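Notes for the one structure printed next.
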Amino acid sequence: MVQQVQQIEVLLYGSLAKTGVGHGTDIAIQLGLCGENPETFEVHNIHSRIQDIRSMKKLLLHGRHEIDFDPAEDIEFLMSESLPFHPNALTFLVQLYNGETFAETYYSVGGGFVIKEGETQQQDESVVLPFPVNTAADLLHWCMKTGLSICEVVQENENAWRPELETRTGILKIWQVMKECIYAGCHAQGMLPGGLSVKRRAFDLNKKLTAQKQYTHYESWIKCIQEGGNDFRYTIDWVSCFALAVNEQNAAFGRVVTAPTNGAAGVIPAVLMYYVVFCGGNSDEKIIQFLLTAGEVGSIFKKGATISAAMGGCQAEIGVSSAMAAAALTECLGGTQRQALMAAEIAMEHHLGLTCDPVAGLVQVPCIERNTMGAIKAITASQLALQSTPDYAKVSLDAVIKTMWQTALDMNSKYKETADGGLAINIPVNLSEC
């Protein structure tokens, strides 16, 4: 079929259109059409590849079939149109050499998940999970019935999909990407692209906090950080630095882990790095425990509400990532299953109603700083839960997830990743430069 394609036109709807350039949606589409894998593509080649497509007005479809493609003409941003199923929508209009045409529409529903129009995300019925979980109550039920921790319940379910070693290897690969992203972000300086002239801050903060100490790689850098002690302000500065580093990398088209989304990609790495550096969590077992627990909480939010800012505002991204990190940190620090879920609830409860209002549609202001706040809230939520008795809690995690979804439904669309409201319209920007 690829060899039969003569022309492709891409239509972007809703928030994909309104924040598409700022979020790099057009770039992702072009690289995707070329068949590139976001996990392996060398990110430093993005600019040159896109420039080649733009200048030659040619695209190598799926890496093997050249077609005429002018991004300025063939990617259309339909700012005033939105499709009913989800605000993040795009349609491919395809023409074949024999004159036949067809269209396919896809929805980006958050966290890297994509649904084709007419299809639904369904669990493979051939896989029977030992501990099916749709709600926090389900998860707690299995924990209480079996005596297993949250991460152990999750691991048993993952074992139904693949060998345990494969899961563990995959999780550690995720952590490796997170580590590389933090380290790279702390050692990259200059202005972020896009026209807002936002200066990278992680570089200067890292330089100040390491006080000109000498190191040559990640491990020696971690040792330098630990040698600085664990003073409260020093520790908080590092948590902020870790989060800034990741989201500055994201804003500069570096490689990040969707956790649960790119816009909120800094929270979980920052909290996990805090645990690794300042809480003695630098072991494969603890890192796997952290990410298994965080992932399960994120999955419960996705099933009960949304992890897409285009559907729920920033409460669905930073709020969810903060809840994920809070639960994971609590379990890793020795909290009970109920304390871990309590931590997730506390973190989300204090993100309810958070709007998504990216200035100029870029994932920079307020998104980068917002990740530092989500990380700090996660740590605070964890500490509160660890010092509390869940028996006396008035709000359950399921109740806060339900509330978050109701809030999302009530929220005006201009506060849902459209750059039509909030800070996005109150910060003077020369849009011609963005």
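Here, each number is a calculation from the coordinates, and none is a lab measurement. Just so we're clear, the structure is a prediction, and the values are computed from it rather than from any experiment. Note that each Cβ is placed from the backbone with ideal geometry, even for glycine, and that neighbours are counted across all protein chains shown.
Under 5 Å between amide hydrogens, which residues at least 5 positions from LYS58 or on another chain qualify, with H placed 1.01 Å from N in the peptide plane?
For LYS58, the qualifying residues are PHE69.
Rounded to the nearest 10 degrees, what's the angle between the helix 136-146 long axis and the longest principal axis of the chain, both from Cα atoms, 0 to 90?
So the inclination is approximately 50 degrees.
Label VAL5 and SER55 with points 7 Å out from Cα along Cα→Cβ: what is the distance between them in nm?
About 2.4 nm, to one decimal.
If you count, for each residue, the other Cβ atoms within 10 Å and average over each peptide, how do 376-383, 174-181 line up from highest to lowest?
Ranking, from highest mean packing down: 376-383, 174-181.
Between the stretch 222-288 and the stretch 181-201, what is the C-alpha centre distance in whole Å?
16 Å
Which pairs in the list LYS199/LYS286; LYS18/LYS58; LYS179/LYS223; LYS207/LYS286; LYS18/LYS116; LYS116/LYS302 are over 23 Å apart, alpha-carbon to alpha-carbon?
Table pairs above 23 Å Cα-Cα are LYS199/LYS286; LYS18/LYS58; LYS207/LYS286.
Can you run phi through the Karplus equation (6.51, -1.76, 1.60; θ = phi - 60°) for the stretch 295-306 and list ³J(HN,Hα) in whole Hz, with x for Gly and Pro?
x, 5, 5, x, 5, 5, 5, 5, 6, x, 8, 6
Counting other Cβ atoms within 10 Å, keep those with at most 15, restrict to DSSP loop, and tell me which GluC sites (Glu not before Pro) in the stretch 39-119 are left.
GLU39, GLU42, GLU81, GLU100, GLU117, GLU119
Give the peptides 26-37, 291-302 in descending order of average Cβ contacts within 10 Å, highest first.
In decreasing order of mean packing, 26-37, 291-302 become 291-302, 26-37.
What angle, in degrees between 0 and 90 and rounded to the nearest 10, separates the Cα long axis of helix 150-159 from the longest principal axis of the Cα atoms of the chain?
Tilt relative to the chain: about 50 degrees.
How large is ³J(HN,Hα), in whole Hz, for each residue of the stretch 267-282 in order, when computed from phi with the Karplus curve 6.51 cos²θ - 1.76 cosθ + 1.60 and θ = phi - 60°, using x for Gly and Pro?
Couplings: 5, 5, x, 5, 6, 5, 5, 4, 5, 5, 7, 10, 10, x, x, 7 Hz.
Could you list which residues have their amide H under 5 Å from that of GLN7, counting only those 5 or more apart in sequence or on another chain, with H placed in the peptide plane?
Under 5 Å from the amide H of GLN7: GLN95.
Based solely on its DSSP helices, what 222 nm [θ] is calculated for the chain when runs of n ≥ 4 H residues each add -39,500 (n - 2.57) and the sum is averaged over all residues, nearest 500 deg cm²/dmol?
Rounded to the nearest 500, the figure is -15500 deg cm²/dmol.
Rounding to the nearest 10 and keeping the result within 0 to 90°, find how far the Cα-based axis of helix 397-410 lies from the longest principal axis of the chain.
Roughly 30 degrees, rounded to the nearest 10.
Amide H to amide H under 5 Å from HIS187: which residues, 5+ apart in sequence or cross-chain, H placed 1.01 Å off N in plane?
Amide H to amide H, under 5 Å and 5 or more residues apart or across chains, HIS187 pairs with nothing.
Which ³J(HN,Hα) values in Hz, rounded to whole numbers, follow from the phi angles of the stretch 206-221 under the Karplus curve 6.51 cos²θ - 1.76 cosθ + 1.60, where θ = phi - 60° and Gly and Pro get x?
3J(HN,Hα) across the stretch 206-221, in whole Hz: 4, 4, 5, 6, 7, 6, 6, 5, 8, 8, 10, 7, 4, 4, 6, 5.
Going by average Cβ density within 10 Å per residue, which order do the peptides 367-373, 205-211 take, highest to lowest?
367-373, 205-211
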